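Data first, discussion second: the structure below is written as structure tokens.
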Amino acid sequence: MLNVAVVGSGPAGLYAAEALVKQAAALPVPVPVRVDVIDRLPTPYGLVRYGVAPDHKSIKSIAQYLRKVLESPDVRFLGGVHLGEDVTRDDLVSAYDAVIYATGAMRDRRLGIPGEDLPGSYAATDFVNWYCGHPDIGAGAFTLDAESVAVIGVGNVAVDVARILARDPHELHATDVPEPVLEALHASKVREVHMIGRRGPAHAKFTTKELRELGELPGVEVVVHGDEADLNAFDLAGEGVRLVESDRRVRGNLVAITKWAQGIADPSAESATGSPSGHSRRLTVRFWVRPTEILGTERVEGITLERTAIGADGKFGGTGEFETLDAQMVLRSVGYQSVPLPGVPFDTRGSVVPNAQGRVLGEDGAPLPGEYVAGWLKRGPTGVIGTNKSDAAETVRCLLEDLAGGPGEGDIPLPRAGLLRYPDRPPPAADPLVQAAGGEWPLAGVLAGRGIVPVSYAEWLRIETAEADLAKELGRGERVKLHNAEAIWSACRPEPE
């Protein structure tokens, strides 16, 4: 029996749990595996639940796939258990044959400019957590009384934030956005959203599908400055032209951006009256400008932008040409960072756990026995949600090679987990392997000794039921998220009547 703890129940953690169970069963000599998926929150799914915008239902459907992982007889969910407070790294390493750290990247990078800490200046992750109902962010954290908002960044998160700010809130009624958040969006005074990129349109990180959605928002006018859409205007080295030639995504992005720069409206973006001139909100996408200061005394009043360019020598920098943008709220979305886990090695420069193909490395550069890492904590915040599947498979192959006689370097690798079946095994309570081990999972004694009762998968299902009941009560789609920690805990552990 191989007992493994996975810290983090987001996509990276659950793909790792899936790969563990399936790949271990497919070894030439199958190895039974038990996986404890540990999360500090009482709710699973991580980024899928608390990072994907509520109007992206197709992406959120990934939760249905991840649900099957948690329902495997070989996987147990331990919610509400915080590494560093409830359990230590030493606890995990002592109790399990292996530990996989998969806590993602939870912190926004800072801009490092004056005025960044003024009231009205926020990390985009806080705003995302707010509209996704994260229990760490109260429902009253944001009051949208700003008429003009600057979103710093041109990645998919920035696009999500800009879209939620500009979208007619009536279109969110059938989503799972918490009711107090929906009320705040209805009361929003936002009329202008500026999305700001320091380089050109060819360098932007958003994907074409997400970008085009901006042009499909009813009642929203999308504006791009003509010179900023020109690949050659501020790029004397021709970097943008080369990117367009080599990258299909960049070419797709440029088609949409060029149309907006030429003032060609998408017919689907007309107002409810059918009049293209009836736009109630404007979304301006800017390129080749970078923020140098957030202005204001008691709160955000504006932002200073500097024109940027790439010289003929390929060097990027400011040109010394400045402008002031009127804005009463600033949301920075310039990249995520992982945070250190207590006691776990951490590379502060790369904001990742140092590793070789998922094997955690100690100070001497050698792998630490039984410790592994997956997801953004392993490689940095790159790729899409699905990228974590192959990433987790690599980590698990190394783990099985080390601990279970799995295929080593040069051997034929196991197929990825999605092509393998779960082993046909009885639930843990009836499994003789568990009974032979004393009927307990490895961390049970440690948690019991500290008076900690982890949230079970069955208790999580109570939260799901409560959210479905709330949606029915409000006449709003399939689910409406409970909007604070108290409501979530009350749903999973109701007081006896």
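Summary table below
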| quantity | calculated |
| --- | --- |
| Qualifying residue in region 83-91 (condition: in a loop (DSSP other than H, G, I, E, B), in contact (Cβ under 8 Å) with a residue 40 or more places away in the chain, among the acidic types (D, E) and in contact with a helix residue (DSSP H, G or I) (Cβ under 8 Å, 6 or more places away or on another chain)) | yes |
| Hey, Y50 open to solvent by less than 60 Å² (accessible area, probe 1.4 Å) and either within 25 Å of D176 (Cβ to Cβ) or in contact (Cβ under 8 Å) with a residue 60 or more places away in the chain (or both) or not | yes |
| Positions within region 344-365 being assigned to a loop (DSSP other than H, G, I, E, B) and either surrounded by fewer than 13 Cβ atoms within 10 Å (Cβ to Cβ) or among the aromatic types (F, W, Y) (or both), in sequence order | F346, T348, R349, G350, G362, E363, D364, G365 |
| Qualifying residue in region 371-392 (condition: in a strand (DSSP E or B), under 30 Å from E228 (Cα atoms) and within 16 Å of the chain's Cα centre (by Cα)) | no |
| All positions within region 4-33 that are surrounded by fewer than 18 Cβ atoms within 10 Å (Cβ to Cβ) and either modelled with pLDDT of 95 or more or not aliphatic (A, V, I, L, M) (or both) | P28, P30, P32 |
| Failed item, numbered, when Y122 is tested on (1) at negative phi; (2) in a loop (DSSP other than H, G, I, E, B); (3) open to solvent by 10 Å² or more (accessible area, probe 1.4 Å) | (2) |
| Test: residue in region 271-286 that is open to solvent by less than 50 Å² (accessible area, probe 1.4 Å), modelled with pLDDT of 95 or more, part of a loop (DSSP other than H, G, I, E, B) and not polar (S, T, N, Q) | no |
| Test: residue in region 42-52 that is modelled with pLDDT of 90 or more, over 25 Å from I164 (Cα atoms) and either touching a strand residue (DSSP E or B) at 6+ places or on another chain (Cβ under 7 Å) or acidic (D, E) (or both) | yes |
| All positions within region 216-242 that are crowded, with 21+ Cβ neighbours inside 10 Å and part of a helix (DSSP H, G or I) | G240 |
| Test set (1) surrounded by 16 or more Cβ atoms within 10 Å (Cβ to Cβ); (2) modelled with pLDDT under 95 - R107 fails condition number | (1) |
| 1 or more residues closer than 22 Å to H203 by Cα, open to solvent by 70 Å² or more (accessible area, probe 1.4 Å) and out of contact with any Cys (no Cβ under 8 Å at 6 or more places or on another chain): qualifying strands (runs of 3 or more DSSP E) within region 293-343 | 316-326 |
| Residues within region 1-56 that are closer than 27 Å to P381 by Cβ, among the hydrophobic types (A, V, I, L, M, F, W, C) and not in a helix (DSSP H, G or I), tallied | 10 |
| From D74, D97, residue being among the acidic types (D, E) and either under 21 Å from P340 (Cα atoms) or open to solvent by 10 Å² or more (accessible area, probe 1.4 Å) (or both) | D97 |
| Flag for V154 being open to solvent by 20 Å² or more (accessible area, probe 1.4 Å) and touching a Gly at 6+ places or on another chain (Cβ under 8 Å) | yes |
| For E293: the one exception among (1) at pLDDT 95 or above; (2) within 24 Å of I164 (Cα to Cα) | (2) |
| Close pairs from region 13-37: first more than 12 Å from D74 (Cβ to Cβ) and among the hydroxyl-bearing types (S, T, Y), partner at pLDDT 90 or above and buried (at least 24 other Cβ atoms within 10 Å of the Cβ), Cβ under 6 Å, at least 6 apart | Y15/A392 |
| Residues being open to solvent by 40 Å² or more (accessible area, probe 1.4 Å), charged (D, E, K, R) and in a loop (DSSP other than H, G, I, E, B) - total across region 441-497 | 6 |
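Here's the yes/no breakdown for (1) under 18 Å from the mean Cα position of the chain (by Cα); (2) modelled with pLDDT of 95 or more; (3) assigned to a helix (DSSP H, G or I); (4) within 29 Å of L236 (Cα to Cα):
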site: V161; (1), (2), (3), (4): yes, yes, yes, no
site: L165; (1), (2), (3), (4): no, yes, yes, no
site: P180; (1), (2), (3), (4): no, yes, yes, no
site: K189; (1), (2), (3), (4): no, yes, no, no
site: K205; (1), (2), (3), (4): yes, no, no, yes
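The values are calculated or read from the model by the stated rules, or taken from the named source; none is laboratory data. Quick caveat: nothing in here was measured; it's all calculated off a predicted structure. Reconstructed Cβ throughout: ideal geometry from the backbone, glycine too, with neighbour counts over all protein chains shown. Areas reflect the complete protein model, heavy atoms only, side chains present, ligands, DNA and RNA absent. Shrake-Rupley method; radii C 1.70, N 1.55, O 1.52, S 1.80 Å.
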